[in-house]
Amino acid sequence: MALRTQRQKMILLLVASYVFYGAWDWRFCSLIFASSLWSWCFGALIHRSSDPIRRKLYLAASVTCDLSLLGFFKYADFFIGSFADLFGIAEPRLLRITLPVGISFFTFQSMSYTIDLYRRKIPVCTDPIKFFLFVGFFAQLVAGPIVRAAEFLPQLHNPIRLTRVNAVMGAQVFLLGLFQKVVVADNVAILVDPVFLEPALYDAPTLWLALAAYGLQIFCDFSGYSLMAIGVARIIGFTLPENFRAPYISRSITEFWRRWHISLSTWLRDYLYISLGGNRRGSRRTEINLMTTMLLGGLWHGSAWNFVLWGGLHGLGLVLHKHWSGRVRMNERFSGASRTAYSVVAWAITLLFVLLLWVPFRCADFATTLIYLTGLVSLGDGVRFLHTPTMVLLAVMTAWHAAHLGRASLIKTMPTTHPLELRPLLVIGLLLLAVLLFAPTGASPFIYFQF
């Protein structure tokens, strides 16, 4: 029997979302439930209270619960191991905690709700079904994009129904994401994985190719998941925010973070950087806030010092660019050919900076990172592994980025449907054919599942 009411459909989606997550390990459904429950309850207390001190205490309690949950499961062993290394403890008693998939994403969504409610930017959600569905919605539950209450909850006021336009649009976006994952990311992994595992075995050209390939792999892997999530959500009538916007065409590290993992970078900006004071307390404090935000953003990605190094260097890059942009005004000092040359040089420097920092992000430890970076400028005789499919895919994706130089959004440029319009069906057919023909054997997990 078809579901008739909006509430029945929301309950079905909520149950399906928990079943989807529980298929991995049903015990961890309790974590999503707990995070949703205390965020909803503290949100109600924040809304009802007019006392500033009480409201702040309720917010602090809610955020502390979320951070404690995230900290225990993600960072307990990291801090125990770091403490042991610091004091020379040979065999620390690690807890060996299994990291729940997507915990970094759904805890950030819960926190965004209570913080926005405290700031009086959104109305309180009085319906627990709606709120629990917001936190646990299956499409982006395990790897984002990070969705805010202001983006998702208002959509639950609209009828949940299937339409032809949403189905065609969603299918195209989903298949584009699937193409990026299985055709591009999984194929270049054939080169990336062995080279990053033992970089000392390979020569400099192979290391450079693998580095460029990893930049492509992590983009297509994560952007692919985001597009698949956006596509599935669109099919059933929900709109999720775009998470990537051709990041490798950026001409500065600041622009890169406006195009890469947009839902996380804006979350860190709005809830961490601005909370620390943003740029309102002088240039020195702004630099400290930028560095703190990016260091914590690096740690968010994983419980290892390599991620802290990656985040810290990105923070340093943002600080240096802020100084440079304050001194150089392109519109004032450059024009014509000089402006074009400046843009090309700025793009090349930004891309090189981003690619080099993927080394500590991908390598297992500092020692492997140092070996890899040294190998990039080495003249030694290592093994040469110039993987032809990787070079072809790099060329194709470079052309794809170039084709979207002037477009604000990939998703908005995709065709929807029309009675005489065959282009959407052609796009769907070609993407599906490519996936079937060029997908490698075996399935690789999404990279961001570990975060």
Residue that is nearest to Leu117 (Cα to Cα) [pool: residues in region 139-153 that are open to solvent by less than 50 Å² (accessible area, probe 1.4 Å) and of a type in the set (Gly, Ala, Ser)]:
Ala149
Candidates Leu175, Leu156, Leu207, Leu197 - the one that is over 22 Å from the mean Cα position of the chain (by Cα), farther than 19 Å from Trp260 by Cα and open to solvent by 10 Å² or more (accessible area, probe 1.4 Å)
Leu197
Between a residue in region 365-377 that is in contact (Cβ under 8 Å) with a residue 60 or more places away in the chain and any residue that is polar (S, T, N, Q) and part of a helix (DSSP H, G or I), which pairs come within a Cβ distance under 8 Å, given they are 6 or more apart or on different chains?
Asp365/Asn306; Phe366/Asn306; Thr369/Asn306
So which residues in region 88-132 are within 18 Å of Leu272 (Cα to Cα) and either touching a strand residue (DSSP E or B) at 6+ places or on another chain (Cβ under 7 Å) or in contact (Cβ under 8 Å) with a residue 60 or more places away in the chain (or both), if there are any at all?
Ser104, Phe106, Thr107, Phe108, Ser110, Met111, Ser112, Tyr113, Thr114, Ile115, Leu117, Tyr118
Taking region 231-251 and keeping only residues that are part of a helix (DSSP H, G or I), more than 27 Å from Trp324 (Cβ to Cβ) and open to solvent by 10 Å² or more (accessible area, probe 1.4 Å), one is left with Val232, Arg234, Ile235
Do any residues in region 222-238 that are more than 18 Å from His301 (Cβ to Cβ) have Cβ atoms under 6 Å from those of residues that are modelled with pLDDT of 95 or more, where the two are at least six apart or on different chains, and which pairs are they?
none
Within region 269-307, restricting to residues that are over 20 Å from the mean Cα position of the chain (by Cα) and of a type in the set (D, E, K, R), the one that is surrounded by the fewest Cβ atoms within 10 Å (Cβ to Cβ) is Arg284
With Ala84, Ala61, Ala90, Ala16 as the choices, which residue is in a loop (DSSP other than H, G, I, E, B) and either more than 23 Å from Gln140 (Cβ to Cβ) or open to solvent by 40 Å² or more (accessible area, probe 1.4 Å) (or both)?
Ala90
Kindly check whether there is at least one residue in region 252-268 that is part of a loop (DSSP other than H, G, I, E, B), at pLDDT 90 or above and surrounded by fewer than 21 Cβ atoms within 10 Å (Cβ to Cβ).
yes
Taking the condition over 23 Å from the mean Cα position of the chain (by Cα), modelled with pLDDT under 90 and surrounded by fewer than 19 Cβ atoms within 10 Å (Cβ to Cβ), does Leu373 pass?
no
Check Leu357, Leu352, Leu296, Leu318 and return the single one that is under 25 Å from Leu264 (Cα atoms), in contact with a Leu (Cβ under 8 Å, 6 or more places away or on another chain) and at pLDDT 95 or above.
Leu357
Taking the condition of being within 20 Å of Thr398 (Cα to Cα) and of a type in the set (Asp, Glu), how many residues in region 188-231 meet it?
1
Which one is nearest to Leu393 (Cα to Cα) among residues in region 143-187 that are of a type in the set (Val, Ile, Thr) and in a helix (DSSP H, G or I)?
Val184
List pairs: first in region 289-309 and farther than 17 Å from Arg362 by Cβ and in contact (Cβ under 8 Å) with a residue 12 or more places away in the chain, second open to solvent by 30 Å² or more (accessible area, probe 1.4 Å) and charged (D, E, K, R), Cβ under 9 Å, 6+ apart or cross-chain?
Asn289/Arg281; Leu290/Lys322; Thr293/Arg269
So is Gly215 open to solvent by less than 10 Å² (accessible area, probe 1.4 Å), among the small types (Gly, Ala, Ser), closer than 27 Å to Leu320 by Cβ and in contact with a helix residue (DSSP H, G or I) (Cβ under 8 Å, 6 or more places away or on another chain) or not?
yes
Taking Gly136, is it on the phi > 0 side of the Ramachandran plot and either open to solvent by less than 10 Å² (accessible area, probe 1.4 Å) or acidic (Asp, Glu) (or both)?
no
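The values are calculated or read from the model by the stated rules, or taken from the named source; none is laboratory data. In this text the structure is predicted, and so the values were computed from the model without any measurement. Glycine gets a Cβ as well: all are built from the backbone with ideal geometry, and neighbour counts include every protein chain shown. The protein model used for the area step is the full one, side chains on, heavy atoms only, and it has no ligands, DNA or RNA in it. Shrake-Rupley method; radii C 1.70, N 1.55, O 1.52, S 1.80 Å.
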